[in-house]
Structures are given as structure tokens and as C-alpha cells.
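Asker: The structure is given below, and queries will be raised subsequently.
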Amino acid sequence: MNAVNPIVDPKELRSALGQFPTGVTVMTTLDTEGSPVAMTASSFNSVSMDPPLILWSVARSAFGAPIFENADSFVVNVLGKHQVDTSNLCARAGEDKFANIDYTTGKNGCPVIADTAAFFECRTWRTYDGGDHIIVLGEVSSFQYNSDVMPLVFAQGSYAISAPQSPTADAQVDLPEDGFLSSLLLYQLHKAYSFYSAELYPLLQSKFDLTSEEWRILSLVADVKHVNISTLARLVSQPETECRDSLERLTLRGLLTCHEDDSTSLTDEGRIFSDKLFGFAKQHEATALQGLGAKEAGSLHASLKTLSIGFNASSAV
């Protein structure tokens with residue numbers, strides 16, 4: 001008996017598929033006139049080591065679909081965590097993407113984006129029908145990678161970075177107070193964040209029916225008032241398509257209003273809801289910091305802000 005495919009909500013299906021983290025790539029090639037073409041894709045996968053084959057898929061409705069379907073070669077550019085703007089730029093149609101991208105010409109003639117985590121120059125091996133997508137199979141002819149570049153990750157509708165998992169509860173040991181890890185800032189910050197977020201985000205979901213992305217959106221809109229959606233997407237580390245999906249859910253709940261100038265703001269109901277939400281978050285924070293006195297908690301906030309400012313300043317140099 002043939003299985004009957006149920007009618008599914010594409011947005012909900014995309015959210016479910018977003019539970020599986022992927023890397024973020026930009027595929028590049030040349031059109032028939034020799035002009036460079038680029039598009040963002042998260043469907044990249046390894047297929048075979050012998051011969052060295054990879055695959056990815058492109059939506060038939062995408063602006064570059066016919067170009068990649070008929071291209072003899074292409075490059076898979078695996079983006080680093082610092083290349084969110086490149087990902088967003090190449091996800092949009094109708095722009096001169098290479099006016100704002102640093103790249104060189106690869107051995108196969110296609111653009112190779114600078115400072116990526118890795119790139120794979122490929123010869124198109126074969127293309128397949130993939131429903132509303134075209135599946136492109138490529139043979140790797142040349143590649144390079146940079147272990148110093150942390151790759152950009154896409155998971156649960158947001159950009160992310162890969163990071164080591166915190167130790168599980170049954171793996172805890174008493175570290176010496178004067179030990180290396182006990183005095184290493186990176187270890188302590190990561191451990192504190194992992195435990196704090198692991199408690200807070202599930203509570204936001206169960207008590208307020210909010211995803212972590214929706215929580216970040218409400219927090220930012222409450223502070224910034226009217227904010228352009230493209231800017232908002234960058235601030236909450238979401239691709240613009242996924243950010244608009246989050247905004248649509250919040251709008252349907254009556255919490256946000258989207259304006260004709262492509263900005264968004266809280267509704268009256270949204271302000272009431274946000275006040276309750278932020279009150280809960282502050283109470284949760286107070287509980288988490290209950291081992292500190294008021295003076296110590298204030299010093300912690302001030303120190304973290306100073307540290308963040310210092311990191312931002314050094315990264316801008």
C-alpha cells in the first residue's frame with residue numbers, strides 16, 4: 001500500500017526541520033555571460049569519499065536555479081561565524097552581491113569567498129529532480145579549510161555558532177579553587193550561560209508560549225520601539241525569512257504591529273504582555289543571583305557590560 005502524504009504547513013515543517021542544525025554555505029558559479037552568481041544554502045552534505053562527492057539543493061523558484069542547474073562547475077563556500085551579513089546578502093535576489101564581498105577566482109573559474117571556514121571547488125556531476133527543488137551532485141576537485149575560523153551554524157530558525165557542550169550533571173567534579181579552569185573566564189562564562197539559558201528558555205516556552213527567538217524580538221522591540229525588520233533580523237541573529245515568520249506569529253497573537261515602512265512596534269496588548277514577561281525574567285534572574293548580595297549582583301552586571309564593550313571595541317579595530 002502506498003503511503004499517503006498528509007497536507008503539512010510549510011512554515012511548521014521548516015520549523016521542525018530547523019531542529020536539525022546545519023552549516024551555512026554560499027554557493028557560487030558563473031552565468032552564461034561569465035558573471036559571478038551567489039546564493040545562500042544550508043542543504044550542503046557529504047555523499048562519498050571515493051569518488052569525492054557532495055550535494056546540495058536549490059529551490060526551483062530561486063533566482064539562480066536555472067544557472068546552477070546548467071553550470072559545469074561551482075564552489076561551496078562554508079561561512080564563518082563572522083559572515084552573517086554575507087549569508088543574508090546572498091539570500092536576497094536582485095542585488096549585486098559581489099560589490100560587497102571579498103573574493104578571488106578559483107581554479108575552476110568560480111568565485112571563492114575570502115576568510116571562510118572552508119571551500120570546495122566542484123565539477124557538476126549530475127542533477128536530479130527533487131520536487132520543488134533541484135538536487136545538485138558535485139565532484140570535489142579542490143578544497144581548503146581554516147581550523148581557526150569557527151563555522152556559522154543555522155539551528156531552530158536562528159544563526160548560531162558551534163561550541164563545546166557543558167559538562168553533564170553526573171560528570172561534575174570538584175575543581176580546585178586555584179586550578180586552571182576555575183580561574184579561566186571563558187570556561188566560567190560558558191558554564192554559567194549554559195545552565196542559566198537551559199532553565200530560562202523552557203520556562204518561557206511553557207509559561208508564555210514563546211520561542212527563544214520571539215523572546216529576543218520582544219525584548220529588542222520594547223527597547224528600540226520602531227525598528228526596521230532587516231535590522232531586527234540581524235540583532236536577533238535570524239535570517240530575514242525566519243525573522244518575518246517569528247514576527248507573523250507575534251502579530252497573530254496581537255503583540256506586535258508591522259508598519260508600511262517595514263518597521264515593527266509593540267501593540268498595547270504587547271506592552272502589557274511584555275511587562276509580565278520581563279517581570280518574570282527579572283524574578284528568574286534574582287533567583288539565579290540569590291547567592292550574591294545586591295552590591296555583588298550590581299558589580300557583576302557592571303563588569304559584564306564593561307567586558308562586552310571592550311570586546312566590541314577590540315573586534316572593530
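Asker: May I ask you to list the residues of the stretch 228-242 whose amide nitrogen lies under 15 Å from a point 7 Å from Cα along the Cα→beta-carbon direction of residue 265?
Answerer: Of the residues in the stretch 228-242, 228-229 have backbone N under 15 Å from the label point off residue 265.
Asker: Okay, next question. Sort 73-79, 96-102 for me by packing, meaning the mean count of neighbouring Cβ atoms within 10 Å per residue, highest on top.
Answerer: The densest-packed peptide leads the list: 73-79, 96-102.
Asker: Another question about this same structure. Toward the positive end of the charge dipole of the stretch 187-317, about the Cα centre and with charges on Cβ (Lys, Arg +1; Asp, Glu -1), which of 258, 279, 311 goes farthest?
Answerer: Final value for the positive-end residue is 311.
Asker: Hey, with R₀ at 22 Å, roughly what FRET efficiency would residue 100 and residue 222 work out to, going by the Cβ-Cβ distance, to 0.05?
Answerer: 0.10
Asker: If I take every Cα pair under 8 Å that is 6 or more residues apart in the chain, average their sequence separation and divide by the length, what percent do I get for the relative contact order?
Answerer: 13
Asker: First compute the accessible area of the chain with a 1.4 Å probe, then give the percent of it belonging to carbon and sulfur atoms.
Answerer: Looking at the chain in its full context, I get 57 percent from C and S.
Asker: With +1 on each Lys and Arg Cβ and -1 on each Asp and Glu Cβ, and nothing else charged, work out how big the dipole of the stretch 169-259 is about its Cα centre, in Debye to the nearest 20.
Answerer: For this selection, approximately 480 debye.
Asker: Accessible area per residue, 1.4 Å probe, Å², for the chain: what's the number?
Answerer: 61
Asker: Just to be sure I understand the rule: take each whole DSSP H helix in the chain, project its Cα atoms onto its long axis, keep it if the span is 15 Å or more and its mean Kyte-Doolittle hydropathy is at least -1.0. Which ones pass?
Answerer: What comes out of the filter, once short or polar helices are dropped, is 185-208, 212-224, 240-252, 268-288, 294-316.
Asker: Which pairs, out of 225/305; 191/305; 11/225; 81/305; 225/276; 81/191, put more than 25 Å between their alpha-carbon atoms?
Answerer: Result: 11/225 exceed 25 Å.
Asker: Related question: Pop the C-beta distance of residue 305 and residue 192 into the FRET formula with R0 = 22 Å and round what comes out to the nearest 0.05.
Answerer: Computed FRET efficiency for residue 305 and residue 192: 0.90.
Asker: Follow-up. Show the residues, 5+ positions off or on another chain, whose built amide H is closer than 5 Å to the amide H of residue 73.
Answerer: It is 124, by chain and number.
Asker: Assign unit charges at the C-beta atoms only (+1 for Lys and Arg, -1 for Asp and Glu), then state the dipole size of the stretch 20-165 relative to its Cα centre in Debye, rounded to the nearest 20.
Answerer: Taking the Cα centre of the stretch 20-165 as origin, the dipole is about 240 debye.
Asker: With contacts defined as alpha carbon pairs under 8 Å and 6 or more residues apart, what's the relative contact order of the stretch 129-281 in percent?
Answerer: After rounding, I find 18 percent.
Asker: I would also like to ask the following. How much length is gained if the chain between residue 294 and residue 230 is pulled fully straight, taking 0.36 nm per residue apart and subtracting their Cα-Cα distance, in nm to one decimal?
Answerer: Length difference between fully extended and current span is 19.2 nm.
Asker: Quick check for me: using +1 on Lys/Arg Cβ and -1 on Asp/Glu Cβ, what's the dipole size of the chain about its Cα centre, in debye to the nearest 20?
Answerer: The calculated dipole for the chain is roughly 380 debye.
Asker: Follow-up. Would you work out the relative contact order for the stretch 1-98, in percent, from Cα pairs under 8 angstrom that are 6 or more residues apart?
Answerer: After rounding, I find 29 percent.
Asker: For residue 207, list the aspartates and glutamates whose Cα falls under 19 Å from its own Cα; do not include residues on the same chain fewer than 8 positions away.
Answerer: In chain and number order, the partners are 199, 269, 275, 285.
The values are calculated or read from the model by the stated rules, or taken from the named source; none is laboratory data. This structure is a prediction, so every number in the text was calculated from the model and none was measured. Cβ sites come from the backbone with ideal geometry, for glycine too, and all protein chains shown count toward neighbours. Each accessible area value is taken on the protein alone, full model and side chains, heavy atoms only, with ligands, DNA and RNA left out. Shrake-Rupley method; radii C 1.70, N 1.55, O 1.52, S 1.80 Å.
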